[in-house]
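Below: one structure, written as structure tokens.
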Amino acid sequence: MTPFLHRVRFHWILLLLAALIPLLELVLPPGWHFGELLRPIFLMAILGLGLNILTGFTGLLNLGVAAFMAVGAYSYAILTCDIYPFQLGFWSATGLTVLIGLAVGLFLGLPTIRLRGDYLAIVTLGFGEIVQDVLKNLDTITKGTQGINPLPPPTFLGYAFTSEKYQPWYYLFLAFLAIVVLLNRNLQRSRVGRAWISIREDELASACMGINTMKMKLLAFALGAAQCSLAGALWASFLGSSGEPGNYDFQISVMAVCIVIVGGMGSIGGVLLGALVIMGFSRIVLDNFTSFLKAHELVSSTNVLAAPGNWKYLLFGLALILMMRFRPEGLLPSRQVRAELHPGGKSEARNP
Amino acid sequence: MSGSEVFLQELIIGLSNGMIIALIALGYTMVYGIIELINFAHGDLFMLGCFCALTLVGALGLDQLAPNTFGVRGGLLLILLVTPAFCGGLNWLVDRLTYRHLREATKLAPLVSAIGVSFVFMNLGLFWGGLRMAVFGMGRAAAAPKDFPVLISNDNLLGQSAVQFTAKDVMVLIVTLPLMIALTWYTKRTRAGTAMRAVAQDRVAAQLMGIDVDRVIGQTFFIGGLLAGVASVVFALYNNSIHFQMGYRAGIDAFTAAVLGGIGSLPGAVLGGLFIGMARAFCDQYLATRWTNAMVFAILILVLVFRPSGLLGAKQKEKV
Amino acid sequence: MNLLEIKTLTVRFGGLTAVNTLDLEIQPHEIVSLIGPNGAGKTTVFNAVTGIHEPTRGRIVFKGAEVCRPFHWRTAASLAFFGFVTGNILVFAANIEALWEAAVTAHYQYLKPFPWREAIASVFSYFTANPSAHLEWPLGIGIVVGAGGAYAVWRQSRRAPEIAARAGIARTFQNIRLFDQMTALDNVLLGMDTQLRSRFWHDALRLPLFWREHREAEERAMEMLRFVGLEPEAHRLAENLAYGLQRRLEIARALAMKPQLLLLDEPAAGMNPAETVELMQLIQRIRERGITVFLIEHHMRVVMGISDRIAVLDHGEKIAEGNPQEVRADQRVIAAYLGKRMRDE
């Protein structure tokens, strides 16, 4: 098992570091406290891992994972909010939401598994759109743009989470992330994972080896959707609200796609790193850039160019372009780590 | 309005909107056909074209003139020449700077780059909206939608009839139809067009035949942008409102239309565009506006279940 | 009993007839070669046998059964079921808001226990009581679309390659199709997939079944690699292997399927004489294991050296068949393919 030890270590290293951060904060001065900010990153990482099953492992490009997240958030909200009769606790609601996500993934997957990659991408894009629409339109159930709120906070062994202390939330989300990482890792290094990767590499050859490609793709859809729904449920519990349908738009889906691709397709550690980088980017770079502009008085404050929010898209877009130009395989591609460990070098020129 | 009049009205609305969608879809499907890139930035390019057209309207002072006058017509003609050139040139430039370096990379690298370009364009649209010009509504927020002056009259050409068929609808037809015919002639009859088809079918073989592939791809981007530019002028004249986030909606419609008709197929894009335009019009009228998007999506899925390559798409045969 | 029967196989692509009324029988434990000039349709025959191309005419019969998904009454039943389910979903979707109001909003009172029975009862009575409920249209459309769509998907997958694979036919490809980013070992393990029984929950949760199978599978895969001489390369990425080793890996992967019939498409392409001899020995050893081999090759040494029978294809038609001596001397074969020198050798 030695060649894989290197890869196994990386995402566990990241998770371990994350687990240590709140403890470190006990000794660091307040200016260094950023643990609170990491919680959304954990949830985006879970979303990214869900997309990773579809795109990273199986090669099915999905441009509408925000839809699955929305389904998860709203399901959780409907199941827990006291304006509806269900009023389940955090744990049962989350479990049920995952099952609902599974069903929705299957539902979307069934008519679309035969589609070629790019057709599937556009269809998933459309799906992302209409889920938003449907959630907005069915306002007797979903309360339209108001969203469903307030939601009761999670409880664990009698202790109810509050918004004052962030540490319980932090460790709750980190624990979920760790479990998701473990399950994904297990799947990757197993019969199912091999089948998925073979479909991504060469679907026809895979079918000729006896793999039921339709079933495996459906499985990828279902499990990926379930994970994204989990992210949605946790998000809703975090916000204390289902959020409004407009929150689960293409930007979230794009964020997830960028996390997977910038991190390194198919590599779990890459997705974690990607989540950190993409989410951290908007915080750090954006704010610093605009304060730089203001400090040097390059623009007057009434100008549209002055507001930091107005540069968001431009900088993010440029960053993506540059990233793809100079490192298209992502920050931590899964095979690179293997290739690094096998200095045997490339094969001789192939027969064309 | 009687039942048949309603139907006819929806037909006209559907056709006009459909032609615009078809134009955008054409530009998108051409680029896809040649390098298999889902060009996310295409819708936002369309949006920039609208902003360019509005800027020209302001610069030429067309908003001060009455519609349908000679000055307005001349100005519009100029805008119809400059805006497509702007869009085409911008598209070509983007290819030159970004996608050209990614020809050998995995398919997802150009896709993410296109997403990046889309964001850049969108932000440019936002900044553009803050331009201090009367037509942009001085003093209003940069992010607000801008009114596009009525330069083509809204009067019903059918006189007192309940069915509305205005000069705007005529404009849509006289601009889009010749353009589509010209495009068909270009791809089928000229050497440049044939080179384009050759590169789309087999890049290596085209190279071996001595075709400068990068140049042909650049030309395709230019023409695609050109089509988006024309669509943007037509759209702005027809709908009289532009917004820096409109590119996304237009893009989705165009992608859906192209996929419905079969990506890579030019007639497919036109067919898909018309289909979507009509479907929208009829859904708005006979069902409920809030369900139109879902309906269009359902139609897309339905078509793809029975024809996975789209209506006119070629079935992909893998060489084993 | 014939292992494989190709009966009047015709494969047409549009106007081009790639294979024209081919009849061929393969007995168990034989090594049969298919030769002929390029473009004669040999790989197309392989593709038809393995379910990649649908025969325009004729049949492929393997172990007495045709290699495709037959239309059972079970298929018709599941299509109907699918249509029914889709119809119901559509009815539910078309009425969802009204249903919710009737069941939940009408009965729910804050802080009071929810009357579940009444709520569920009102769901059922909704359709009988409510004349404006959308029932016929969504149900009709749903049934038609659901059944029709399922049928369309089913038709497409009738001759899917996986059926041939599960029946016991394995193959290699003319242009090597390995899974480049997987190791050699993983490639072979993939080949073994049809014999593994663990499901995704066994894998995700690492249940005992996973560990049992995992160990056995790795052992068998290593044995397969040893059989083709690739054991030292087990953990190398497939794309980093030398060309000749890649060809052997493809054979190992195919053998991992425990097939009864192995189709080899130009296994000796690009090999030097030493490697060719090793290949011939490998094929003999495969036959000794009880596997029937069906071979496409251009390397005459290999063909003449190991084949029991040879069939010659030219422009899609079989122009000769027989043992190596007969085929060598056949005038039509010489004219079309071998050339005079072969006869004199």
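Please return the longest stretch of chain A lacking exposed loop sites, where trypsin sites (Lys or Arg not before Pro) count only if DSSP places them in a loop and at most 13 other Cβ atoms lie within 10 Å.
A:166-345
Using Cβ counts within 10 Å as a stand-in for footprinting exposure, how do C:84, B:235, A:173 rank, fewest first?
Lowest count first: C:84, A:173, B:235.
Calculated from DSSP H runs of 4 or more alone, at -39500 (n - 2.57) each and per residue, what is the 222 nm mean residue ellipticity of chain C, nearest 500?
-14000 deg cm²/dmol
For the residues A:249, B:214, C:265, what sequence is obtained by ranking on other C-beta atoms within 10 Å, fewest first? Each step should come with its number before you reach the end.
Numbers: A:249 17, B:214 14, C:265 23.
In order of increasing Cβ crowding within 10 Å: B:214, A:249, C:265.
Take the alpha-carbon positions of the range A:47-194, form their convex hull, and give its projected area averaged over all directions (one quarter of the hull surface) in nm².
Computed as one quarter of the Cα hull surface, the answer is 10.3 nm².
Whose amide H sits under 5 Å from the amide H of residue C:295, counting only residues 5 or more places off or on another chain, with H placed in the peptide plane?
HN-HN under 5 Å from residue C:295: C:32, C:33, C:34, C:264.
I'm checking a number: the convex hull volume of the Cα atoms of chain C, normalised per residue, in Å³. What is it?
Considering the Cα atoms of chain C, their hull volume per residue is 203 Å³.
Quick one: grab the alpha carbon gyration tensor of the range A:1-128, order the square roots of its eigenvalues as a ≥ b ≥ c, and give me rounded if a/c is under 1.5, else prolate or oblate depending on whether a/b is larger than b/c.
It comes out oblate by the Cα gyration axes.
If we count other beta carbons within 10 Å of each Cβ, what is the order of C:1, B:47, A:279, fewest first?
C:1, A:279, B:47
What list of ³J(HN,Hα) values in whole Hz, one per residue of the range B:55-61 in order, does the Karplus curve 6.51 cos²θ - 1.76 cosθ + 1.60 (θ = phi - 60°) give from phi, with Gly and Pro shown as x?
4, 5, 4, x, 5, 7, x
Need one number: % antiparallel among DSSP beta bridges in the protein assembly as shown, to the nearest 5.
60
Counting only other residues whose beta carbon sits under 14 Å from that of residue B:103, what net charge do I get with K and R as +1, D and E as -1? Kindly include the intermediate steps, with their values, before the conclusion.
Values: positive: A:325, B:96, B:100, B:107, B:203, B:215; negative: B:36, B:95, B:104, B:212, B:214.
Summing Lys/Arg as +1 and Asp/Glu as -1 gives +1.
Let me make sure I get this right: for the range C:240-311, a, b and c are the square roots of the gyration tensor eigenvalues over alpha carbons, sorted descending. Under 1.5 in a/c it's rounded, otherwise prolate if a/b > b/c, else oblate. Which is it?
Numbers: a/c = 1.73, a/b = 1.05, b/c = 1.65.
The shape class here is oblate.
With θ set to phi - 60° and the Karplus curve 6.51 cos²θ - 1.76 cosθ + 1.60, what are the ³J(HN,Hα) couplings of the range C:233-246 in order, to the nearest whole Hz, using x for Gly and Pro?
Once θ is set to phi - 60°, the couplings for the range C:233-246 become 9, 3, 9, 8, 4, 4, 6, 8, 7, 5, 3, x, 5, 5 Hz.
Between B:207, B:164, B:245, where does the largest GNM mean-square fluctuation fall for chain B, given springs only between Cα atoms within less than 10 Å?
Highest fluctuation among the options: B:207.
Considering only DSSP beta bridges with both partners in chain C, what is the antiparallel share in %, to the nearest 5?
Percentage antiparallel, nearest 5: 55.
Counting other Cβ atoms within 10 Å of each Cβ, which chymotrypsin sites (Phe, Trp or Tyr not before Pro) in the range C:89-147 have at most 12 and sit in a DSSP loop?
C:110
Give me the percent relative contact order of the range C:180-258, please, defined on Cα pairs under 8 angstrom at least 6 residues apart.
52
For chain C, take the longest principal axis of its alpha carbons; what is the angle in degrees between that and the long axis of helix C:273-288, to the nearest 10 within 0 to 90?
Between helix and principal axis, roughly 60 degrees.
For the range C:73-152, what ratio Rg/Rh do Cα atoms give with a Kirkwood hydrodynamic radius?
That ratio is 1.14, to two decimals.
Just going by the charge dipole of chain C, with Lys and Arg at +1 and Asp and Glu at -1 on Cβ, which of C:291, C:3, C:126 is farthest out on the positive end?
C:126
About the Cα centre, and with charges only on the beta carbon of Lys, Arg (+1) and Asp, Glu (-1), how big is the dipole of chain A? Nearest 20 debye, please.
1060
Tell me which residues come under 5 Å, amide H to amide H, from residue B:243 once H is placed; ignore anything under 5 positions away on its chain.
B:146
For the range C:251-345, run through the trypsin sites (Lys or Arg not before Pro) and keep only the ones in DSSP coil with at most 16 other Cβ atoms within 10 Å of their Cβ.
Those satisfying the criteria are C:289.
For the protein assembly as shown, what ratio Rg/Rh do Cα atoms give with a Kirkwood hydrodynamic radius?
0.99
What is the angle, in °, between the Cα long axis of helix B:167-189 and the longest principal axis of the Cα atoms in chain B? Nearest 10 is fine, range 0 to 90.
Approximately 20 degrees, to the nearest 10.
If you place +1 on the Cβ of every Lys and Arg, -1 on the Cβ of every Asp and Glu, and leave all else neutral, what size is the dipole of chain B about its Cα centre, to the nearest 20 Debye?
Details: 22 positive and 16 negative charges, 141 e Å.
Result for chain B is approximately 680 debye, rounded to the nearest 20.
Which residue, C:183, B:21, A:222, has the largest displacement toward the positive end of the dipole of the protein assembly as shown when charges sit on each Cβ (Lys, Arg +1; Asp, Glu -1)?
Value: C:183.
Under 8 Å for C-alpha pairs, at least 6 residues apart: give me the relative contact order for chain C, rounded to a whole percent.
24
Which log10 I(q)/I(0) values, to two decimals, does chain B give at q = 0.10, 0.15 Å⁻¹ under the Debye formula with one point per Cα?
-0.58, -1.27
Per the helix-only calculation at 222 nm, which mean residue ellipticity applies to chain A, given -39500 (n - 2.57) for every DSSP H run of n ≥ 4 and division by its residues, nearest 500 deg cm²/dmol? List each step's numbers first, then the result.
Details: 15 runs with 225 residues, N = 352.
Using -39500 (n - 2.57) per qualifying helix, the result is -21000 deg cm²/dmol.
If you average the sequence gap of Cα pairs under 8 Å that are 6 or more apart and divide by the length of the range A:38-341, what percent do you get for the contact order? Please report the intermediate quantities before stating the final value.
Working: 476 pairs, mean separation 99.0, N = 304.
Reported relative contact order: 33 percent.
Just to confirm the number: angle between the C-alpha axis of helix B:108-128 and the first principal axis of chain B, 0 to 90 degrees, nearest 10?
Here the helix axis deviates by roughly 20 degrees.
Local charge sum around residue B:9 (other residues, Cβ-Cβ under 14 Å, Lys/Arg +1, Asp/Glu -1)?
Summing Lys and Arg as +1 and Asp and Glu as -1 gives -2.
Rounded, prolate or oblate: which fits the range C:1-82, taking a ≥ b ≥ c as square roots of the Cα gyration tensor eigenvalues, rounded meaning a/c under 1.5, else prolate when a/b beats b/c? Before the final figure, lay out each step's value.
Numbers: a/c = 2.96, a/b = 1.50, b/c = 1.97.
Oblate is the answer for the range C:1-82, as a/c is 1.5 or above yet b/c matches or exceeds a/b.
May I ask for the net charge around residue B:152, where only other residues with Cβ less than 15 Å from the Cβ of residue B:152 are counted and Lys, Arg are +1 while Asp, Glu are -1?
Net charge around residue B:152: -2.
Given the options A:59, A:212, A:120, identify the residue whose Cα lies farthest towards the positive end of the charge dipole of the range A:38-341 (+1 on Cβ of Lys, Arg; -1 on Cβ of Asp, Glu).
So the residue furthest toward the plus end is A:212.
Compute the convex hull volume of the Cα atoms of the range A:38-341, divide it by the residue count, and report the result per residue in Å³ as a whole number.
165
Can you list the HN-Hα couplings for the range B:194-200, worked out from phi with the Karplus curve (6.51, -1.76, 1.60; θ = phi - 60°), rounded to whole Hz and with x for Gly and Pro?
Each residue of the range B:194-200 in turn: 5, 4, 4, 5, 5, 5, 5 Hz.
Is there a quick way to get the dipole size of the protein assembly as shown? I mean about its Cα centre, with the Cβ of Lys and Arg at +1 and of Asp and Glu at -1; what is the value in debye to the nearest 20? Please list the in-between numbers first.
Details: 85 positive and 72 negative charges, 256 e Å.
Around 1220 debye, computed over the protein assembly as shown.
Where a number appears in this text, it was derived from the coordinates with a stated rule and is not lab data. All of these numbers come straight from a predicted model, not from anything done at the bench. A quick note on method: Cβ atoms are made from the backbone with ideal geometry, for glycine too, and the neighbour counts reach across all protein chains shown.
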